[in-house]
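The values are calculated or read from the model by the stated rules, or taken from the named source; none is laboratory data. Not measured: the values here are computed from a predicted model. Counting neighbours? That spans all protein chains shown, and the Cβs are built from the backbone with ideal geometry, glycine included. Ligands, DNA and RNA are stripped out before the accessible areas are found, and what is left, the full protein with its side chains, is counted by its heavy atoms. Shrake-Rupley method; radii C 1.70, N 1.55, O 1.52, S 1.80 Å.
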Amino acid sequence: MFKTVVAREYNYQDVYLRPRHTVVNSRKECDTSVTLGRHKFIMPVYPSNMKSVVNVDTCEFLARRGWFYTMHRFNVEQVEFVSYMQENGLVASISIGVNDDTIAQLKQLQVAGLTPEFMTLDIANAWCPKAERMIKYVKDHFESFLIVGNIAGSDAARDVHAWGADAIKAGIAGGKVCITKNKTGFHRPMVSTILDCASYTREAGVPLIADGGIVEHGDIAKAFACGANLVMAGSLFAGYDQSAGNIIEVTIDGQASPRAFKEYYGSASQYNKGEYKNVEGKKILIDYRGNIERLLNELKEDLQSSISYVGGTKVDDLIHAEIISIS
Ligand SMILES: NC(=O)C1=CN([C@@H]2O[C@H](COP(=O)(O)OP(=O)(O)OC[C@H]3O[C@@H](n4cnc5c(N)ncnc54)[C@H](OP(=O)(O)O)[C@@H]3O)[C@@H](O)[C@H]2O)C=CC1
Ligand SMILES: Nc1nc2c(ncn2[C@@H]2O[C@H](COP(=O)(O)O)[C@@H](O)[C@H]2O)c(=O)[nH]1
């Protein structure tokens with residue numbers, strides 16, 4: 001036979017975690033903190049670096065509460081952003097691209113004597129020559145902790161780490177506003193993506209960030225069970241007052257008062273790009289949900305509960321969870 005289907009692969013919805021003996025007396029005893037580089041954050045989950053999810057206010061809001069964040073890279077004054085955050089005693093975490101405009105932005109940071117604590121190289125497939133060039137440039141010129149994404153397998157993780165990445169972000173074409181899989185045929189389900197990437201990153205001691213595809217809060221615990229160290233999510237965070245997207249009111253047939261939604265669009269959507277070129281994302285409306293504080297508290301409570309179900313006391317104990325396939 002010329003070819004066969006390589007493997008059965010799994011998404012979050014295809015698996016659950018098998019409960020174990022709980023050792024704590026209260027879920028509050030479970031520690032949700034995570035250390036990335038030289039910094040400790042109160043939760044291992046953070047919003048996507050997308051223009052419809054975060055803006056300066058979102059980043060400041062999260063940083064002040066001890067959450068990790070990454071500013072997006074679209075029309076951002078990097079010098080202004082980094083100095084603003086650092087002057088306020090907050091961690092500066094920016095996103096960068098792979099082209100010469102990024103080199104120009106990085107030179108401006110150097111001239112201003114600024115070093116962001118974190119940089120995230122943001123491209124759809126970071127397993128490519130332009131990403132290699134940019135990783136090497138950043139590592140040659142800055143002390144910043146460099147997250148590189150996205151990739152979808154251990155082979156890519158190995159290369160990107162060898163090029164100089166300090167942490168790796170994984171997940172290709174699994175996002176809610178993604179149309180990459182429809183337009184190109186390429187995608188890898190998240191559970192399989194994480195398991196494969198973690199087979200390299202765990203051994204190498206490189207933090208792994210699982211990006212996209214979170215539908216239920218429990219998917220976050222599943223990501224850690226597969227070997228991720230942090231989770232990035234877009235749609236989960238996009239519906240709130242503190243999220244960056246516009247509020248849209250829609251009057252639905254037969255209803256007296258309009259219903260509120262938030263705009264959520266992909267970084268590779270026509271809306272974000274300003275032109276219909278290499279479009280691999282779409283714009284949707286998602287339910288408006290009010291203040292984000294409730295979500296942040298609930299995410300913490302749910303993760304503490306997950307840690308208790310695995311019989312652990314900290315996030316990394318979730319790696320001991322047995323993963324059950326239900327499909
Ligand atoms: N996580 C995911 O699954 C995906 C995420 N995205 C997001 O959308 C945004 C835009 O992403 P992206 O299109 O990667 O970046 P850009 O549009 O910013 O492209 C960056 C540069 O890389 C080149 N490039 C991009 N893709 C390829 C490719 N497949 N082969 C060769 N060169 C390439 C582009 O050249 P040229 O345009 O000439 O090809 C361009 O010069 C990012 O924020 C990204 O995270 C997009 C798709 C999937
Ligand atoms: N294929 C595309 N993926 C995109 C685009 N913009 C962002 N993204 C990725 O999606 C996640 C968020 O996913 P969600 O399921 O949590 O909503 C984000 O972090 C990016 O990795 C895009 O235009 N096309």
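Scanning segment 271-302 for residues that are within 15 Å of ligand 1 (Cβ to nearest atom) and over 23 Å from Glu249 (Cβ atoms) yields Lys273, Gly274, Glu275, Tyr276, Lys277, Asn278, Val279, Glu280, Gly281.
Checking Glu263, Glu280 one by one, the residue that is open to solvent by 30 Å² or more (accessible area, probe 1.4 Å) and either within 18 Å of the chain's Cα centre (by Cα) or modelled with pLDDT of 95 or more (or both) is Glu280 and no other. Scanning segment 177-192 for residues that are surrounded by fewer than 20 Cβ atoms within 10 Å (Cβ to Cβ), assigned to a loop (DSSP other than H, G, I, E, B) and β-branched (Val, Ile, Thr) returns a single hit, Ile179. When the residues of segment 124-143 are filtered to those that are in contact with a helix residue (DSSP H, G or I) (Cβ under 6 Å, 6 or more places away or on another chain) and open to solvent by 10 Å² or more (accessible area, probe 1.4 Å), the one that is nearest to Ala198 (Cα to Cα) is Trp127. Residues that are part of a loop (DSSP other than H, G, I, E, B) and among the small types (Gly, Ala, Ser): does segment 217-226 have at least one? No - not one qualifying residue is present in segment 217-226. Here Ser93 meets each of (1) of a type in the set (S, T, N, Q); (2) surrounded by fewer than 19 Cβ atoms within 10 Å (Cβ to Cβ); (3) under 23 Å from the mean Cα position of the chain (by Cα) with one exception, condition (2).
If you go through segment 54-109 and keep only what is in a loop (DSSP other than H, G, I, E, B), within 15 Å of ligand 2 (Cβ to nearest atom), in contact (Cβ under 8 Å) with a residue 40 or more places away in the chain and out of contact with any Gly (no Cβ under 8 Å at 6 or more places or on another chain), you end up with Val54, Phe68, Thr70, His72, Phe74. The condition of being of a type in the set (Asp, Glu), closer than 24 Å to Ser33 by Cα and modelled with pLDDT of 95 or more holds for only one of Glu87, Glu117, Glu80, that being Glu117. Selection of first residues in segment 176-201 that are at positive phi and of second residues that are away from ligand 1 (no atom under 13 Å from the Cβ) and charged (D, E, K, R), restricted to Cβ pairs under 7 Å at least 6 apart or on distinct chains, gives an empty result.
If you check Leu146, Leu230, Leu195 for being touching a strand residue (DSSP E or B) at 6+ places or on another chain (Cβ under 9 Å), at pLDDT 95 or above and open to solvent by 20 Å² or more (accessible area, probe 1.4 Å), only one passes: Leu195.
Within segment 293-313, restricting attention to residues that are among the small types (Gly, Ala, Ser) and touching a helix residue (DSSP H, G or I) at 6+ places or on another chain (Cβ under 6 Å), the residue that is surrounded by the fewest Cβ atoms within 10 Å (Cβ to Cβ) is Ser305. Identify all residues within segment 110-123 that are within 16 Å of ligand 2 (Cβ to nearest atom) and open to solvent by 10 Å² or more (accessible area, probe 1.4 Å); write none if there are none. Residues satisfying the conditions are Asp122, Ile123. Please indicate, with yes or no, whether at least one residue in segment 165-176 is over 29 Å from Leu296 (Cβ atoms), within 11 Å of ligand 1 (Cβ to nearest atom), open to solvent by 10 Å² or more (accessible area, probe 1.4 Å) and part of a loop (DSSP other than H, G, I, E, B). No, segment 165-176 has no match at all. Are there any pairs, at least 6 apart or on different chains, whose C-beta atoms fall under 8 Å, with the first in segment 284-308 and more than 17 Å from Lys262 (Cα to Cα) and part of a helix (DSSP H, G or I) and the second open to solvent by less than 80 Å² (accessible area, probe 1.4 Å) and acidic (Asp, Glu), and if so, which? What qualifies is Ile307/Asp31; Ile307/Asp317. Among the residues of segment 314-325, is there at least one that is buried (at least 23 other Cβ atoms within 10 Å of the Cβ), within 16 Å of ligand 1 (Cβ to nearest atom) and either over 24 Å from Ile172 (Cα atoms) or of a type outside the set (A, V, I, L, M) (or both)? So far as segment 314-325 goes, no, none of its residues is buried (at least 23 other Cβ atoms within 10 Å of the Cβ), within 16 Å of ligand 1 (Cβ to nearest atom) and either over 24 Å from Ile172 (Cα atoms) or of a type outside the set (A, V, I, L, M) (or both).
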